[in-house]
Amino acid sequence: MAGKAPSEPIEALDAVGLSDTMRKYLAEIYRLADHGETDAHTLPEPAGQALLGHPFVSTSALADLLNVSAPAVNRMISKLRETGLLLHEPYQGIRLTPAGEREALKQLRRQRIVEAFLVTVMHFGWHEVNDEAARMSANLTERLIERMARMAGNPTTCPHGEPIADADGVIVAPDDILLTHAPHKLLLTITRVRTRERDRLEYLAALGLTPHSTVEVLHAAPFNGPLQLRVGKEYRIVGHNLAEMIRVARESG
């Protein structure tokens with residue numbers, strides 16, 4: 001007799017009816033969409049804007065990011081569609097509804113607060129906290145999360161510069177653009193760094209390319225060539241692929 005295929009583990013649901021895995025999917029869909037919005041080339045004056053209405057993302061990109069099979073992703077997408085938190089359009093992909101974005105941001109809030117706590121209070125390096133925070137945040141109560149936020153100084157961003165939503169899942173993001181799209185000979189402030197790869201984060205820190213640092217693009221080689229930067233009083237050469245992981249805004253004041 002042929003054996004049955006192993007069933008998926010049954011996870012506890014929270015008060016909203018979501019499991020830890022469902023929340024993880026929502027957060028990663030949000031991140032994929034947010035990171036994909038890289039076509040803006042105009043640098044606005046400093047101001048805040050709400051993040052809503054992200055573009056569709058592909059299910060294959062989500063499967064690659066989570067390192068899971070396409071059937072597993074499709075099963076989860078079906079569950080999330082039933083909750084009203086996700087839209088799935090053939091040939092376009094998936095997109096969070098406004099309610100889905102709020103739940104995703106609540107999950108990201110937890111992880112980003114834990115990251116800030118690990119760096120500010122426990123003195124981990126910014127390159128060490130991503131995986132630790134993902135594991136920890138799934139098992140902490142809201143009371144502990146709020147206590148960690150207070151101990152970390154009530155941060156508004158994670159150590160990588162990503163904004164932290166409020167408890168209701170409302171977020172205000174910086175008006176920033178990719179460093180590769182930034183105008184030349186203008187003082188800029190690094191707002192956020194999108195990579196979580198340990199080696200790249202260590203390298204960026206060694207170059208002084210961290211959130212709140214001042215940077216100026218002096219020259220960009222054609223055909224996606226390297227960028228010549230001034231970081232403080234130092235000169236740096238950064239490859240185009242690495243520069244695409246950095247977002248900047250016009251210096252305020």
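Any idea which residue in region 221-244 is surrounded by the fewest Cβ atoms within 10 Å (Cβ to Cβ), counting only those that are in contact with a helix residue (DSSP H, G or I) (Cβ under 7 Å, 6 or more places away or on another chain), in a loop (DSSP other than H, G, I, E, B) and not polar (S, T, N, Q)? Only one residue tops the list, namely Gly225.
Give the residues of region 198-253 that are over 30 Å from Ala133 (Cα atoms), among the basic types (Lys, Arg) and out of contact with any Gly (no Cβ under 8 Å at 6 or more places or on another chain), sorted by residue number.
Within region 198-253, Arg230, Lys233, Arg250 meet the criteria.
Entry remark, region 145-162: residues being out of contact with any helix residue (DSSP H, G or I) (no Cβ under 8 Å at 6 or more places or on another chain) and buried (at least 17 other Cβ atoms within 10 Å of the Cβ) number 1 in total. When region 136-149 is filtered for residues that are assigned to a helix (DSSP H, G or I) and under 17 Å from Met22 (Cβ atoms), only Ser137 remains. Of all the criteria given as (1) within 19 Å of the chain's Cα centre (by Cα); (2) of a type in the set (Asp, Glu); (3) modelled with pLDDT of 90 or more, the one not satisfied by Asp34 is (3). Within region 72-91, the set of residues being of a type in the set (Ser, Thr, Tyr), farther than 14 Å from Ser58 by Cα and exposed (fewer than 15 other Cβ atoms within 10 Å of the Cβ) comprises Ser78 only.
Is there a residue being assigned by TED's automatic domain parsing to the domain that holds Arg110 and of a type in the set (Ser, Thr, Tyr) anywhere in region 224-242? No: region 224-242 contains no residue that is assigned by TED's automatic domain parsing to the domain that holds Arg110 and of a type in the set (Ser, Thr, Tyr). Within region 198-220, track down each residue that is surrounded by 12 or more Cβ atoms within 10 Å (Cβ to Cβ) and part of a loop (DSSP other than H, G, I, E, B). Once the filter is applied, which keeps residues that are surrounded by 12 or more Cβ atoms within 10 Å (Cβ to Cβ) and part of a loop (DSSP other than H, G, I, E, B), region 198-220 yields Gly208, Leu209, Thr210, Pro211, Ser213.
Residues in region 98-113 that are at pLDDT 95 or above and over 18 Å from Thr21 (Cα atoms): 1 in all. Output yes when any residue across region 122-135 is in the same structural domain as Arg23 (by TED's automatic domain parsing), of a type in the set (S, T, N, Q) and more than 22 Å from Asp34 (Cβ to Cβ), and no when none is. Checking region 122-135: not a single residue is in the same structural domain as Arg23 (by TED's automatic domain parsing), of a type in the set (S, T, N, Q) and more than 22 Å from Asp34 (Cβ to Cβ). Residues in region 116-135 that are over 20 Å from Ala104 (Cα atoms) and outside any helix (DSSP H, G or I): how many? Number satisfying all stated conditions: 8. Contact annotation: no residue pair with Cβ atoms under 7 Å, 6 or more positions apart or on different chains, pairs a residue in region 51-77 that is in a helix (DSSP H, G or I) and of a type in the set (Lys, Arg) with a partner that is at pLDDT below 90 and surrounded by 13 or more Cβ atoms within 10 Å (Cβ to Cβ).
The values are calculated or read from the model by the stated rules, or taken from the named source; none is laboratory data. Everything numeric here is computed off the predicted structure, so don't read it as measured data. Positions of Cβ are backbone-derived with ideal geometry, glycine not excepted, and every protein chain shown enters the neighbour counts.
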